[in-house]
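The values are calculated or read from the model by the stated rules, or taken from the named source; none is laboratory data. Computed from a predicted model, the values in this text were never measured in an experiment. Virtual Cβ from ideal backbone geometry, glycine too; neighbours counted across all protein chains shown. In case anyone asks, the SASA skips ligands and DNA or RNA and just uses the protein heavy atoms, side chains included. Shrake-Rupley method; radii C 1.70, N 1.55, O 1.52, S 1.80 Å.
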Amino acid sequence: MPNLVTIDHASEIQLTDEDKLRIGIAWDALSPNSRRAYQLTWQQLNDFLSTKGEILDNITDMQLAIYLLSLDAKGIALNTLSVNLAAVK
């Protein structure tokens, strides 16, 4: 399995064993291309939030919307925006 993107801060999110199992099953079901796209999305989102002094643990719907709007303003394809949203979900 490819290495996951690491986040620069210590996460305060507490996952149960069941959460970890579900995440693992979902991750294993993704194609290698989807995994790479999702990893890239998370890294770019983390970088975007870092420039604003925020972290992934505290992301709000509004921050996500602002991030997606910033991608749209750069002319990112609609399919790429959809992948970004799916990765965050």
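Here are the numbers for this structure:
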{"quantity": "In nm, spacing of pseudo-spin labels at Ile66 and Ser34 (7 Å Cα→C-beta vector)", "calculated": "3.1 nm"}
{"quantity": "The chain - percent relative contact order, Cα under 8 Å, separation 6 or more", "calculated": "34 percent"}
{"quantity": "Surface per residue (accessible, 1.4 Å probe) for the stretch 6-89, Å²", "calculated": "71 Å²"}
{"quantity": "Portion, in percent, of the accessible area of the chain that falls on carbon or sulfur, probe 1.4 Å", "calculated": "58 percent"}
{"quantity": "Which label in (1) 19.1, 61; (2) 13.6, 40; (3) 23.5, 83 gives the computed Rg and Dmax of the Cα atoms in Å", "calculated": "(2)"}
